[in-house]
Amino acid sequence: NSSPSAFHAVQTAKERLVGAGFTVLNEREMWTDQVQPNGRYLVTRNQSALVAFTVGGAYEPGHGFNIVAAHTDSPCLKVKPVSAVDGLGYL
């Protein structure tokens, strides 16, 4: 209920992740000195997208790493208050 839009969802998720110990990174900065083994991080873009990731203990700072991601549009269900379409028992 606290996230009626993608912007609200990102803010809510960001607050929860920061509360759980995640560090906010800036996507426009180099992360070489910031990302550390066993770290927990998040990045936001345009207040409508969020990427959160953890780093394993074997990570060596300065070396690259891969991020595997998924995408969802939820919560983005939008229902018109008055639909002009009706038929087959559906509005």
Listed by first then second residue, the pairs whose first member lies in region 49-71 and is farther than 22 Å from Ala13 by Cα and hydrophobic (A, V, I, L, M, F, W, C), whose partner is open to solvent by less than 50 Å² (accessible area, probe 1.4 Å) and assigned to a loop (DSSP other than H, G, I, E, B), with beta carbons under 8 Å and at least 6 positions apart or on separate chains, are Ala58/Pro37; Phe65/Val35; Phe65/Val55; Phe65/Tyr59
Touching a Phe, Trp or Tyr at 6+ places or on another chain (Cβ under 7 Å) and either exposed (fewer than 10 other Cβ atoms within 10 Å of the Cβ) or at pLDDT below 90 (or both) - does that describe any residue in region 57-65?
yes
Pairing a residue in region 1-23 that is closer than 18 Å to Val51 by Cβ and in contact (Cβ under 8 Å) with a residue 40 or more places away in the chain with any residue that is of a type in the set (A, V, I, L, M) and in a helix (DSSP H, G or I), where Cβ atoms lie under 7 Å and the two sit 6 or more apart in sequence or on different chains, gives Ser3/Ala9
Open item on the list: With the structure loaded, tell me whether Glu15 is part of a loop (DSSP other than H, G, I, E, B) and open to solvent by 50 Å² or more (accessible area, probe 1.4 Å) or whether it fails that test.
Closed with: no
Of (1) over 27 Å from Ala9 (Cα atoms); (2) hydrophobic (A, V, I, L, M, F, W, C); (3) modelled with pLDDT of 90 or more, Leu88 satisfies every one except (3)
Got at least one residue in region 75-85 being open to solvent by less than 100 Å² (accessible area, probe 1.4 Å), within 13 Å of the chain's Cα centre (by Cα), under 19 Å from Val10 (Cα atoms) and modelled with pLDDT of 65 or more?
no
Being in contact with a strand residue (DSSP E or B) (Cβ under 8 Å, 6 or more places away or on another chain), exposed (fewer than 15 other Cβ atoms within 10 Å of the Cβ) and outside any strand (DSSP E or B) is the requirement here; does Gln34 meet it?
yes
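The values are calculated or read from the model by the stated rules, or taken from the named source; none is laboratory data. The structure displayed is predicted, hence computed values, not measured ones. Counting neighbours? That spans all protein chains shown, and the Cβs are built from the backbone with ideal geometry, glycine included. Calculation scope for accessible area: heavy atoms of the full protein, side chains included, ligands and nucleic acids excluded. Shrake-Rupley method; radii C 1.70, N 1.55, O 1.52, S 1.80 Å.
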